[in-house]
Amino acid sequence: MFRTIDDLPAEQRLLVRLDLNSPVEDGEVQDNRRFSRHARTVRELAEADHRVVCLAHQGRPGRDTFVSLSQHAEVLSEHVGREVEFVADTHGEEAQAAIEELEPGEILLLENVRMCEDELPEKDPETHATSEFVEALAPRFDAYVNDAYSAAHRKHASLVGFPLVLPAYAGRVMESEYEANTAIATREFTGPVTMVVGGTKATDVIGVMDALDDRVDRFCLGGVAGELFLRAAGHDVGYDLDDGDLYDDQWADNRETIQRVLAEKGDQITLAVDLAYAADDGERAEVPVDEIDEKTEEFLDVGAETVDRYGELIRESDAVFVKGALGVFEDERFADGTVGVLEAIAETDCFSVVGGGDTSRAIELYGLDEDDFSHVSIAGGAYIRALTGEPLPAVELLQSARNRE
Ligand SMILES: Nc1ncnc2c1ncn2[C@@H]1O[C@H](COP(=O)(O)OP(=O)(O)O)[C@@H](O)[C@H]1O
Ligand SMILES: O=C(OP(=O)(O)O)[C@H](O)COP(=O)(O)O
């Protein structure tokens with residue numbers, strides 16, 4: 001394991017890496033769970049009289065979401081309940097002056113770290129540790145805290161460079177995400193383990209099923225990926241209507257794998273028995289999968305019978321993991337599958353983890369209580385990698401930093 005902020009000496013000058021990467025609409029940064037989660041770490045550090053200098057990224061160069069972090073400082077400040085000063089500089093003179101002026105308990109957010117050209121190239125930690133960026137900032141601090149679990153799959157300077165040159169600690173988000181997302185591999189469960197997999201990306205679903213078939217007793221499928229598996233099982237669904245582009249390319253790329261997974265792990269796989277679509281009057285309608293001779297509708301959710309069956313399986317489970325939505329829950333008419341499954345989980349006392357940036361959004365959208373789940377992840381790509389057992393470089397560095405001491 002790694003050291004956490006419980007192990008920090010008193011009154012440190014801390015460089016704290018957060019992941020505040022957020023949706024941006026019409027130039028406006030949207031508040032989301034990443035702010036509230038990281039605010040807990042930042043508040044705890046400030047209340048302990050550390051000097052807290054935060055580093056974070058937003059978007060990628062060339063994209064609309066690549067904006068300054070000035071708005072992030074305001075949103076973060078509201079969640080922390082203390083002023084978060086912002087400086088429009090990553091590591092130059094202005095940033096260094098603001099860092100020097102900081103008093104114990106004060107919080108500063110530096111500019112979008114991806115505006116610094118040393119940050120983004122994926123390089124090994126040793127190279128990043130000797131970059132101008134890391135060499136300019138590191139001497140200003142006593143220690144480095146990484147709380148950016150959801151970016152831990154990236155080998156960027158701010159994630160892998162500092163733990164080589166500063167004592168390194170995990171923040172509260174890093175700690176809780178790591179523990180929950182590796183639970184599927186590390187915890188012993190006494191009863192059945194169920195995994196609900198959906199969403200739009202077949203490769204994610206296949207990767208999870210391939211990596212976890214010895215840990216998971218049954219997979220409940222939905223979403224686009226679920227429809228592709230229905231196609232592999234011989235149903236006349238899982239292809240694009242007209243000019244859609246969700247199914248056919250994924251089918252061409254993954255057909256053999258989906259068929260292999262279905263053949264090898266069929267006993268563990270539960271597929272939808274009914275699907276939902278928008279009828280001519282715009283209302284939700286459902287059809288049993290066995291009655292579909294030809295796909296004439298765009299299926300946007302699993303049906304009520306499927307939700308009942310998945311609910312039964314969840315109630316029998318000792319642990320449930322969720323990756324990907326069962327339908328287009330952003331449209332209220334097609335939220336029944338995703339919300340029905342989340343409600344079933346919330347009502348049980350099984351160990352539960354809900355992940356995937358989009359899927360976890362359904363929790364607040366439909367008024368579910370986050371506390372009814374063991375863990376709601378704020379990670380997307382890192383969550384998938386954790387489930388499939390792929391290493392997260394920034395986490396490994398926190399672990400090796402501890403071993404070096
Ligand atoms: N049948 C479907 N057709 C189109 N989109 C779907 C369908 N089912 C689920 N989705 C979409 O999948 C998205 C979530 O998928 P994905 O990005 O793979 O998962 P996450 O980011 O939550 O891990 C949701 O935004 C939802 O609208
Ligand atoms: O939002 C993030 O990842 P996610 O979309 O997989 O959750 C992280 O901030 C990483 O961002 P990146 O995928 O631009 O490197």
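Rule-based calculations on the coordinates, nothing more; no lab input. These figures come from a predicted structure and were not determined experimentally. As a convention, Cβ positions derive from the backbone with ideal geometry for all residues, glycine included, and neighbour counts pool all protein chains shown.
Quick one: plug the Kirkwood hydrodynamic radius of the chain (C-alpha pairs) into Stokes-Einstein at 10 °C, 1.306 mPa s, and report D in µm²/s.
Answer, rounded: 71 µm²/s.
Roughly speaking, what is the stretch gain from Glu305 to Leu241, that is 0.36 nm per residue apart minus the C-alpha to C-alpha distance, in nm to one decimal?
20.6 nm is the gain from fully extending Glu305 to Leu241.
Once you treat every alpha carbon in region 217-310 as an equal point and sum by Debye, what is log10 I(q)/I(0) at q = 0.22 Å⁻¹?
For the requested q values the scattering log ratios are -1.17.
Ranking request for peptides 153-163, 264-274, 197-207, 41-51: highest mean number of other beta-carbon atoms within 10 Å first, then the rest in descending order.
Per-residue mean Cβ counts within 10 Å order the peptides as 153-163, 197-207, 41-51, 264-274.
Applying the Karplus parametrisation 6.51 cos²θ - 1.76 cosθ + 1.60 with θ = phi - 60° to the phi angles of region 20-30, what ³J(HN,Hα) value in whole Hz is obtained for each residue in order, glycine and proline being reported as x?
9, 4, 9, x, 10, 10, 6, x, 9, 6, 8
Once amide H atoms are placed 1.01 Å from N in the peptide plane, what residues at a sequence separation of 5 or more from Thr90, or on another chain, have their amide H within under 5 Å of its amide H?
Amide H neighbours of Thr90, under 5 Å, 5+ apart: Glu111.
Over all pairs of distinct alpha carbons, what does the Kirkwood formula give as the hydrodynamic radius of region 182-373, in Å?
Every distinct Cα pair counted, the radius reaches 16.6 Å.
Scattering from the C-alpha atoms of region 296-405 alone, worked out with Debye: what is log10 I(q)/I(0) at q = 0.17, 0.24 1/Å?
Each listed q maps to, in turn, -0.83, -1.33.
Starting with the highest mean, order 384-393, 361-370, 58-67 by the number of other Cβ atoms within 10 Å, averaged over the residues of each peptide.
Details: 384-393: 19.0, 361-370: 14.9, 58-67: 13.2.
Per-residue Cβ counts within 10 Å, averaged per peptide and sorted highest first, yield 384-393, 361-370, 58-67.
If you stretched the chain out fully between Ala10 and Asp267, how much longer would it get, using 0.36 nm times the residue separation minus the C-alpha to C-alpha distance? Don't skip to the answer; put the middle values down first.
Values: separation 257, 0.36 × 257 = 92.52 nm, distance 5.47 nm.
Result for the pair: 87.0 nm of gain on full extension.
For the chain, what is the mean residue ellipticity at 222 nm derived from helices alone (per DSSP H run of n ≥ 4: -39500 (n - 2.57); sum divided by total residues; nearest 500 deg cm²/dmol)?
The per-residue figure over the chain is -11000 deg cm²/dmol.
Under a crude label model (7 Å from the Cα following the beta-carbon direction), how far is Glu103 from Asp290 in nanometres?
The answer from the label model is 7.4 nm.
May I ask you to order 23-30, 235-242 by the average number of other C-beta atoms within 10 Å around their residues, highest value first? Present the calculation step by step, with values, prior to reporting the outcome.
Values: 23-30: 12.1, 235-242: 15.4.
Taking the mean over residues of other Cβ atoms within 10 Å, the ranking is 235-242, 23-30.
Could you list Asp318, Asp210 so that the one with the fewest beta carbons within 10 Å of its beta carbon is first and the one with the most is last?
By the 10 Å Cβ count, ascending: Asp210, Asp318.
Just grab the label-to-label distance for Gln96 and Glu396, each label 7 Å out from Cα along the Cβ direction, in nm (one decimal).
3.3
Give the residues of region 153-189 whose amide nitrogen is closer than 15 Å to a point set 7 Å from the Cα of Glu126 in the direction of its Cβ.
161, 164-165
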